[in-house]
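Here the structure is laid out as structure tokens; the discussion comes afterwards.
FYI, it's all coordinate maths here, none of it is from the lab. Small disclaimer: the values here were computed from a predicted structure and weren't measured. No Cβ is skipped: glycine too gets one built from the backbone with ideal geometry, and neighbour counts run over all protein chains shown.
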């Protein structure tokens, strides 16, 4: 099979990329079967090894035991997220409990855990280097947190819980994608819509085999539609559909899945001796405790809510002046905020779009990486998994660093949002391996594709994650790249966003797509003057979601998550005209898997650091200060998870961060 199945054969093409043109959906199931069997055999050899446990024959061997499985899964799950089809979705439903069971088998293997415990007891005599000592600690912690020390009954129940959670997360994701695929609003009235929205609406219709124009639930289309359409009835229809994803009844409804997920997570935490899933989850994060998370969120909530309420009062007066007697509604906010920005700042975001073509912003992200870290990007003519995707070789001083793939356009087969992933991670163990990294976005199509400022920030954000992978320089894949605490992982991505606003970057790359003329200084100044515009709204919709997530995972799990969501929003005084950024039925961060469960706060925890870290470049008077860039690479981007986040950040900045820079950056005053 290894010679006939392209997923199992050695990849000998350019940069050992997956042979996408040779892979068929029918290849995945037998490839997973073979890879799982090989993984089980490898783990059994390690666990049953009669030799005295050593780092090489236990931990390092475990690092390499799943190499083939990692390779097959890397291809499958990247394709599942970016280009799903019924065959891939069906296989994902089958694989979820099987892969969970495989992981449970490993962490429940008593002979294997005994070897790790033996190493841990003798760790001071093993002559481990710092990275090896860290990896040993992380492996032991992973086994313990997975239930390795439970009795037989507890171990069996833990395995069943994790398998069920894996299935629920897969179903949640597929239900959300189904709802997003199914909704389409034909658009006959184009009045008030800028050309870029009209173009995107035409492309959205074409993508779905329709004529004319239409609105989909893709954020890069629906948000500008809500900003610019004067048709309040159409805005309401679109907003309600957007807010109702995952809560439309029938087979794709996610509310029962959310309730069962929360109950199982609470049981999982209790088996391990924790009071709540939040306490379990945060134990290994920078925040450590739910109270530390709540303290940060509420410190920012108060000024953000005050600002949002002031804005809401002004916009409700505008609404009533237009002849509407009712209150300001969520589908009114973006439209009237945009009108108010034009009136107060003489600034229309639509004026920016001609200067923010997708290709120009990609070039800007690459240029910043070159100025900071000496990276160069060469386009590659290689076969990829979809015609929209494109690739570059990343080099430095002539040395190959990575292959970077960008997949930027929305399509019905792609899940919503934006993310960074890898087809292959970096490691040195077992032979040097350089990464293959992919950024996936959901930008609206155009000719050319023109980005909003928010879209451009998203592109920079995901490329910041990519740099964390590209510049990774560790021995063990277990701590490579983004293998860090969840509330630390957003630091490189959010920090990289700051360079989008640097004058040299805007002057060089923000050029009119037709004339090549740089963005006028007057427009740039207006943009900066309005840079904190509507941050009350943005902060409130985010913190509302983060506080609901935290509340879900503290104490007794709610039988009715929607009721608990409503109660939390009432407790904090959520303004009625602002919806959660992610309501429960489409809160994929929290329910598609447990990566961000009790952890959606992470973006703000990291923002405290990113605002403070960029302030160092401002204090140096040079956004490309070479000494600071070298420290950023050495202590953050290349270090992966070789140290705790607090240690890495302090090595970069010389101290722990404060919240002042965050509040200033959001225009919410001093702490």
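Could you tell me the extents of region 430-516's C-alpha atoms along the three principal axes, largest first, rounded to whole Å?
Sorted largest first, the three principal extents are 51, 23, 22 Å.
Mind pulling the angle between the C-alpha long axis of helix 110-121 and the longest principal axis of the chain? Nearest 10 degrees, somewhere in 0 to 90.
Once rounded, the angle reads 90 degrees.
Find the Cα radius of gyration of region 183-301, compare it with 2.2 N^0.38 Å by division, and give the number to two decimals.
Numbers: Rg = 21.2 Å, N = 119, 2.2 N^0.38 = 13.5 Å.
Compactness ratio reported: 1.56.
How high is the relative contact order of region 354-531, in percent, counting Cα pairs under 8 Å that sit 6 or more residues apart?
With pairs under 8 Å counted, the relative contact order is 23 percent.
If you find the alpha carbon centre of region 12-30 and of region 441-465, how far apart are they in angstrom?
Distance between centres, Cα-based: 29 Å.
Could you tell me how far the Cα centroid of region 173-207 sits from the Cα centroid of region 247-272, in Å?
The distance from the Cα centre of region 247-272 to that of region 173-207 comes to 31 Å.
Of (i) 29.3; (ii) 36.3; (iii) 41.8, which one was derived for mean projected area of the Cα convex hull in nm² from the structure shown?
(i)
Which angle between 0 and 90 degrees, to the nearest 10, do you get for helix 86-107 versus the longest principal axis of the chain when only C-alpha atoms count?
With rounding to tens, the tilt is 50 degrees.
Take region 578-651, compute every pairwise Cα distance, and split them into 5 Å bins from 0; I just need the percent in each bin.
3, 13, 17, 19, 15, 12, 10, 9, 3, 0
Considering every pair of different Cα atoms, what Kirkwood radius, in Å, is found for region 291-406? Write out the running numbers ahead of the final one.
Values: mean 1/r = 0.0523 Å⁻¹.
Result for region 291-406 stands at 19.1 Å.
Please compute the contact order of the chain in relative form: average sequence separation of alpha-carbon pairs under 8 Å and at least six residues apart, divided by the residue count, as a percent. Mind dumping the intermediate values first?
On the way: 1042 pairs, mean separation 105.6, N = 671.
Rounded, it is 16 percent for the chain.
Helix-derived [θ] at 222 nm for the chain: sum -39500 (n - 2.57) over DSSP H runs of at least 4, divide by residue count, nearest 500? If you can, show how the numbers build up before the last one.
Details: 26 runs with 366 residues, N = 671.
Roughly -17500 deg cm²/dmol at 222 nm, from the helical runs in the chain.
Please state, as a whole number in µm²/s, the translational diffusion coefficient that the Stokes-Einstein equation yields for region 183-251 at 20 °C and 1.002 mPa s, with Rh defined as the Kirkwood radius across alpha carbon pairs. Could you put the intermediate results ahead of the total?
Numbers: Rh = 12.2 Å.
Translational diffusion coefficient: 176 µm²/s.
Tell me, 545, 531, 421, 167 in order of fewest to most beta-carbon neighbours within 10 Å?
Working: 545 24, 531 13, 421 21, 167 18.
Going from sparsest to densest Cβ surroundings: 531, 167, 421, 545.
With no solvent and one equal point scatterer per Cα, compute the Debye intensity ratio I(q)/I(0) for region 244-354 at 0.11, 0.16, 0.17, 0.19 Å⁻¹ and report its log10, rounded to two decimals.
Values, matching the q order: -0.72, -0.96, -0.97, -1.00.
Rounded to the nearest 5, what % of DSSP beta bridges with both residues in the chain are antiparallel? Mind dumping the intermediate values first?
Details: 22 of 28 bridges.
Antiparallel bridges: around 80 percent, rounded to the nearest 5.
Mind jotting down the distance between the C-alpha centroids of region 277-350 and region 553-602, whole Å?
Using only Cα atoms to place each centre, the spacing works out to 16 Å.
Could you check what % of the DSSP bridge pairs in region 383-461 are antiparallel, to the nearest 5? Intermediate results must be reported in sequence, preceding the final value.
Details: 13 of 19 bridges.
Around 70 percent of the beta bridges assigned by DSSP in region 383-461 are antiparallel ones.
Quick one: work out Rg over Rh on the C-alpha atoms of region 533-671, Rh as Kirkwood radius.
Details: Rg = 17.9 Å, Rh = 17.1 Å.
Expressed as Rg/Rh, it is 1.05.
Where q = 0.09, 0.11, 0.12 Å⁻¹, what log10 of I(q)/I(0) comes from the Debye formula for region 354-531, counting one point per Cα?
With one equal scatterer per Cα and no solvent, log10 I(q)/I(0) is -0.32, -0.48, -0.58.
Given a cut-off of 26 Å, what percent of all Cα-Cα pairs of region 14-149 lie beyond it? If you can, show how the numbers build up before the last one.
Numbers: 3182 of 9180 pairs.
Distances greater than 26 Å cover 35 percent of the Cα pairs.
Arranged by the count of other C-beta atoms within 10 angstrom, fewest first, what order do 472, 452 take? Numbers along the way, then the final one.
Values: 472 27, 452 20.
Fewest to most other Cβ atoms nearby, the residues stand as 452, 472.
Treating the angle as unsigned and between 0 and 90°, give the value, to the nearest 10°, between the Cα long axis of helix 330-345 and the longest Cα principal axis of the chain.
With rounding to tens, the tilt is 60 degrees.
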